[in-house]
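Participant: Encoded as structure tokens, here's the structure I'll be asking about.
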Amino acid sequence: SHIIIKKTSPTVWLPTLTIVWGITSACQGLVTDKAGFYAVRFFLGAIEAGLFPGVIYVFSMYYTCTQQSIHVGFFISGAVLVGAFGGILTYVLGLIN
């Protein structure tokens, strides 16, 4: 991920990863068998693995070391909270008729 960011730029690479991540997530709804599910999840993991280090690289470009640790902490905490409450929110939204 860092090699591609340095060869292109974060303004190109990170939005591309985000768009491909969204398309891959949407493709999960089209899966009909176990092999397809594993394939989509593999690609989703590969895409996500490039996004987080890229965001941290962008933080390192704009913040000092002290500021960077605070902002990275907030970023990762946000990701954890989304993971913790995303399922609950999905369940509640599923109850709406």
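Participant: Taking the criterion of being part of a helix (DSSP H, G or I), in contact with a Gly (Cβ under 8 Å, 6 or more places away or on another chain) and aliphatic (A, V, I, L, M), would at least one residue in segment 39-55 satisfy it?
Facilitator: Here is the first cut: in segment 39-55, the ones part of a helix (DSSP H, G or I) are 39-55.
Now narrow it down to the ones that are in contact with a Gly (Cβ under 8 Å, 6 or more places away or on another chain): none.
Within segment 39-55, none of the residues are part of a helix (DSSP H, G or I), in contact with a Gly (Cβ under 8 Å, 6 or more places away or on another chain) and aliphatic (A, V, I, L, M).
Participant: State which residue is surrounded by the fewest Cβ atoms within 10 Å (Cβ to Cβ) when the search covers only segment 13-46 and only residues that are under 22 Å from residue 71 (Cα atoms) and among the hydrophobic types (A, V, I, L, M, F, W, C).
Facilitator: The first filter runs over segment 13-46 and keeps only residues under 22 Å from residue 71 (Cα atoms), leaving 13-15, 17-18.
Among the residues that remain, those that are also among the hydrophobic types (A, V, I, L, M, F, W, C) are: 13-14, 17.
Working: 13: 21, 14: 19, 17: 22.
Per the criteria, the residue is 14.
Participant: Specify the residue that is surrounded by the fewest Cβ atoms within 10 Å (Cβ to Cβ); the eligible residues are those in segment 47-73 that are among the β-branched types (Val, Ile, Thr) and touching a residue at least 24 places away in the same chain (Cβ under 8 Å). Walk me through it before giving the result.
Facilitator: As a first pass, look at segment 47-73 and keep what is among the β-branched types (Val, Ile, Thr): 47, 55-56, 58, 64, 66, 70, 72.
So of that shortlist, the ones also touching a residue at least 24 places away in the same chain (Cβ under 8 Å) come out as 47, 55, 58.
Working: 47: 20, 55: 19, 58: 16.
Top of the filtered list is 58.
Participant: Follow-up. Quick test of your reading of the structure: residue 54 fulfils all but one of (1) assigned by TED's automatic domain parsing to the domain that holds residue 3; (2) within 18 Å of residue 18 (Cβ to Cβ); (3) of a type outside the set (A, V, I, L, M, F, W, C); (4) at pLDDT 90 or above. Name the failing condition by number.
Facilitator: The number of the failed condition is (4).
Participant: Filter segment 1-12 for residues that are in a loop (DSSP other than H, G, I, E, B) and surrounded by 11 or more Cβ atoms within 10 Å (Cβ to Cβ) and give the result. Steps first, answer last, please.
Facilitator: We begin by selecting, within segment 1-12, every residue in a loop (DSSP other than H, G, I, E, B); these are 1, 8-9.
Matches in segment 1-12: 1, 8.
The values are calculated or read from the model by the stated rules, or taken from the named source; none is laboratory data. Just so it is clear, the structure is predicted and the values come from calculations on it, not from any experiment. Cβ: placed from backbone, ideal geometry, glycine included. Neighbour counts: every protein chain shown.
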